[in-house]
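Colleague: I'd like to ask some things about the structure below.
The values are calculated or read from the model by the stated rules, or taken from the named source; none is laboratory data. These numbers were taken from a predicted model, which means no experiment stands behind them. When we count neighbours, we look across all protein chains shown, and the Cβ atoms used for this are built from the backbone with ideal geometry, even at glycine. Heads up: the accessible areas ignore ligands, DNA and RNA and are worked out on the full protein's heavy atoms, side chains in. Shrake-Rupley method; radii C 1.70, N 1.55, O 1.52, S 1.80 Å.
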Amino acid sequence: MKWLNDNLEAALGGALLAGVVLLITVQVIMRYVFQNALSWSEELTLWTFIWFIWIGISYAFKERKHVKVTFFQDLLPLKAKAALEVVIDISVIVFLLIMTYQSYKLISLPYVLSQKSVVLNLPIAILYASAPVGSLLSVFRIIQFYVAKPAQTSLPVGG
């Protein structure tokens, strides 16, 4: 479990990114060396990249490395910075939970559940599921920061 907690996003993200690179490389070789483009590689690359983005968002929350503008926050005293950081994290959690709920509502619609991708013929719900999965994993990582490391709660998201 510790390995999973420490490495889930990094391992998944690395595998997905390697998949994107491999798919694009194969497509370029097929197209320009063999003059025979693959019909499915572009769609699979898109799906893989979208999942990679959502897993990467969660990884950035886990590592507290999201980009942010801190100009006004840096003007505040240390305790006010820490309080503002908590308010920002709560706001992000609320947004991600709304995103999860709305994504689930979209995925649950009958026409989405019956829809298939054009080339791969996979259920579109698999692609759309990346949003609630990534959002919930991000919420988990934000909450985990405060539960597992309460002494570091003043550490800004940007590092």
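Colleague: Can you tell me which of (1) surrounded by 13 or more Cβ atoms within 10 Å (Cβ to Cβ); (2) more than 16 Å from the chain's Cα centre (by Cα); (3) of a type in the set (A, V, I, L, M) is the one ILE53 doesn't meet?
Modeller: Answer for ILE53: the failing condition is (2).
Colleague: I've got another one for you. Evaluate the following for ALA82: is it in a helix (DSSP H, G or I) and at pLDDT below 95?
Modeller: yes
Colleague: Would you confirm whether or not the stretch 20-41 contains a residue that is surrounded by 15 or more Cβ atoms within 10 Å (Cβ to Cβ), over 28 Å from VAL139 (Cβ atoms) and polar (S, T, N, Q)?
Modeller: Among the residues of the stretch 20-41, at least one is surrounded by 15 or more Cβ atoms within 10 Å (Cβ to Cβ), over 28 Å from VAL139 (Cβ atoms) and polar (S, T, N, Q), which makes the answer yes.
Colleague: Among the candidates SER138, SER58, SER117, SER130, which residue alone is touching a residue at least 40 places away in the same chain (Cβ under 8 Å) and in contact with a Lys or Arg (Cβ under 6 Å, 6 or more places away or on another chain)?
Modeller: SER58
Colleague: Can you pull out every residue in the stretch 86-114 that is in a loop (DSSP other than H, G, I, E, B) and either open to solvent by less than 80 Å² (accessible area, probe 1.4 Å) or more than 30 Å from TRP40 (Cβ to Cβ) (or both)?
Modeller: Result: LEU109, single match.
Colleague: Given VAL92, VAL21, VAL67, VAL26, which one is within 27 Å of TYR146 (Cβ to Cβ) and modelled with pLDDT of 95 or more?
Modeller: Answer to the selection: VAL92.
Colleague: Which of the residues belonging to the stretch 95-118 are farther than 20 Å from LYS62 by Cβ, β-branched (Val, Ile, Thr) and modelled with pLDDT of 95 or more?
Modeller: Answer for the stretch 95-118, where residues must be farther than 20 Å from LYS62 by Cβ, β-branched (Val, Ile, Thr) and modelled with pLDDT of 95 or more: ILE98, ILE107.
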